[in-house]
Structure formats: structure tokens, C-alpha cells
């Protein structure tokens, strides 16, 4: 009898704390670093992202969907499913290459932005990105801020300004320098690692803006990538192309925690939906990464 009571108390405490942790999160900043393979963490010093790993939960074995290319993976990251369902199958898909399994009220496959707008109509939602291809992968009518900038310095400045002035409920940030250098100088080159280090500094500036905005204690920040690369390209099935980092910090997130579970890029959308208490549609195949929360 005492064992049953004790077990019930433990279960209640875990559920309560898990729920409390999510209740504290009011803002989600999703930072996508184009072309950053997970292998970079073994080959260069990244003080900001490595500090995030120490103060949060992380995996260097998350995987992109196939093909390991841009539009297919940015869509999956925001749409909670793979190309087979959302239909964006190529590097630069501007419309689904095959019919989306279902369409939402915006005429697109269901996405984080659309779900949040429907659930909480007054939400502040933003997409700030460098590669113009991102602009075809979210419902523009569902967002308040739709900004395509030239270069990652401009991106970072715009993000900092937006966070400090608008305190978005959901913000997607796309940084492109790493991918550009990967295509020009090549992956796994000194130039490539210099680009990753510059990006790390940009992420640091974004984190500082969250603190200045006064929302650090209620913001979840997730840093990941669409794919890695080999030589001057990507799209194949090597681990250098497929494995991506997945790093998350915020209230209630376990610290210095290496995530053991398998993570696919569409699990990013499912995790964000769970944090923001959005009802994920049946067509999503992504699963929330719940082990990141302290029990």
C-alpha cells in the first residue's frame, strides 16, 4: 500500500513538473544554420553553442530527411513530416513536387506557424531568413514578420531588433553563411570552420537580445541545421550530409544532457508544437523529444 502511494506521488510530481516547465515557456526561437553538419563540433571551438550544450539538452546524431538538401528539410523542420507527405522533395522546391497529403486553411501542408495562428490568433510570429527559398515554405498570411535579408550580419541585426521590440511567440531564423562557404570553398575546410565560428558569434548576439528583451526565463531556443555536406555539395546519404546538431535551452530543460533518443528533423516541429501546446495534426509523423525536460 505504501509502495502504491509512493509511486503515485512520484508520477504526479513528474507530470506536474513537466507541465510546469512547459507552462513557463511562452516564446520559441528556432535557429536553423544552413549546411552545418554535426561533425563540426569535433573539429572547431564554438563557445556559444558548446555553452548551450552545457546548459541544455543536445544531440549530434539527429538526422535530416532524404534528400539531404535544403527545401525538403526546411519544410520538414516546420511541417512535422517528411517529403512523402508535405511534398517538397527537391533542393529548391517552391511548390510541392507531389501533392501534399492534406492542406490547411492557408492552402499549404500544416505548419507550426499555421497551427499557432489558428490556436492563438494574436500571436506574434516571424520568419527572418537569408535564402529566398525559405519564403516558399511557410504560410505568409499566418506570420507578422516575413523578412528576407542579404547576409547573416543583416539577418542577425534584424533578429535582434525584432526580438527586443516585438518579443515574438515563435520566430524562425535562417543563417546561410556556412552553406555558402561549403558550396564555394568546400565542407571540412578552414574556410568552412571559420564560417561556423562566425555563425556561433551571431547566435551569441541573438541569445543576448533575448536576455535584453527580458524574456530569457520564458524562452526556448533550439539550434539545428537542414543538412551537412561533403566536398562542395550535399544531397546524398553519407553521415557527413545526414547528421545534424540539435541543441535546446530554456526553462525546465535538462542541463548538460546528451539526448539518447533518435531525432529526425520533423521531430523539431513536433517538439515546438508540444511546448506551445498546439494540437499536432494526425498527418504529422514527428514526435516530441520529451526527454529534454527535467523530471
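When you scan the stretch 277-286, do you find a residue that is surrounded by 18 or more Cβ atoms within 10 Å (Cβ to Cβ), in contact with a strand residue (DSSP E or B) (Cβ under 8 Å, 6 or more places away or on another chain) and over 26 Å from residue 156 (Cβ atoms), even just one? Scanning the stretch 277-286 turns up at least one residue that is surrounded by 18 or more Cβ atoms within 10 Å (Cβ to Cβ), in contact with a strand residue (DSSP E or B) (Cβ under 8 Å, 6 or more places away or on another chain) and over 26 Å from residue 156 (Cβ atoms).
Yes or no, residue by residue, for (1) in contact with a strand residue (DSSP E or B) (Cβ under 6 Å, 6 or more places away or on another chain); (2) outside any helix (DSSP H, G or I):
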position: 178; (1), (2): yes, no
position: 182; (1), (2): no, no
position: 186; (1), (2): no, yes
position: 193; (1), (2): no, no
position: 197; (1), (2): no, no
position: 200; (1), (2): no, no
position: 210; (1), (2): yes, no
position: 214; (1), (2): no, yes
position: 235; (1), (2): no, yes
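Residues that are without any contact (Cβ under 8 Å) to a residue 40 or more places away in the chain, over 22 Å from residue 226 (Cβ atoms) and not in a helix (DSSP H, G or I) are absent from the stretch 149-160 altogether. Mind checking whether some residue in the stretch 216-232 is in a helix (DSSP H, G or I), free of Cβ contacts under 8 Å to residues at least 60 places away in the same chain and in contact with a helix residue (DSSP H, G or I) (Cβ under 6 Å, 6 or more places away or on another chain)? Checked against the condition, which is being in a helix (DSSP H, G or I), free of Cβ contacts under 8 Å to residues at least 60 places away in the same chain and in contact with a helix residue (DSSP H, G or I) (Cβ under 6 Å, 6 or more places away or on another chain), the stretch 216-232 yields at least one hit.
Out of the stretch 83-123, which residues are part of a loop (DSSP other than H, G, I, E, B) and either crowded, with 23+ Cβ neighbours inside 10 Å or touching a strand residue (DSSP E or B) at 6+ places or on another chain (Cβ under 8 Å) (or both)?
Of everything in the stretch 83-123, those that are part of a loop (DSSP other than H, G, I, E, B) and either crowded, with 23+ Cβ neighbours inside 10 Å or touching a strand residue (DSSP E or B) at 6+ places or on another chain (Cβ under 8 Å) (or both) turn out to be 88, 108, 109, 110, 111, 123.
Entry remark, the stretch 236-263: residues being in contact with a helix residue (DSSP H, G or I) (Cβ under 7 Å, 6 or more places away or on another chain) and at positive phi number 2 in total.
So, of the residues in the stretch 130-148 that are assigned to a helix (DSSP H, G or I) and touching a residue at least 60 places away in the same chain (Cβ under 8 Å), which turns out to be surrounded by the fewest Cβ atoms within 10 Å (Cβ to Cβ)? Show your work before the answer.
Filtering the stretch 130-148 down to residues assigned to a helix (DSSP H, G or I) leaves 132-136, 140-142.
Adding the requirement that they be touching a residue at least 60 places away in the same chain (Cβ under 8 Å) leaves 133-134, 136.
Values: 133: 20, 134: 24, 136: 17.
Ranking the qualifying residues of the stretch 130-148, first place goes to 136.
Scoring residue 51 on the criteria (1) surrounded by fewer than 18 Cβ atoms within 10 Å (Cβ to Cβ); (2) in a loop (DSSP other than H, G, I, E, B); (3) under 19 Å from the mean Cα position of the chain (by Cα) leaves a single failure, condition (2). Of all residues in the stretch 64-81, none satisfies the criterion of being at pLDDT 95 or above, more than 18 Å from residue 30 (Cβ to Cβ) and either crowded, with 24+ Cβ neighbours inside 10 Å or in contact with a strand residue (DSSP E or B) (Cβ under 8 Å, 6 or more places away or on another chain) (or both). Among the residues of the stretch 153-161, not a single one is closer than 21 Å to residue 218 by Cβ, touching a helix residue (DSSP H, G or I) at 6+ places or on another chain (Cβ under 7 Å) and surrounded by fewer than 17 Cβ atoms within 10 Å (Cβ to Cβ).
Residues that are in contact with a strand residue (DSSP E or B) (Cβ under 6 Å, 6 or more places away or on another chain), crowded, with 24+ Cβ neighbours inside 10 Å and part of a helix (DSSP H, G or I) do not occur anywhere in the stretch 249-263.
The values are calculated or read from the model by the stated rules, or taken from the named source; none is laboratory data. All values reported here derive from a predicted model rather than from experimental measurement. Cβ: placed from backbone, ideal geometry, glycine included. Neighbour counts: every protein chain shown.
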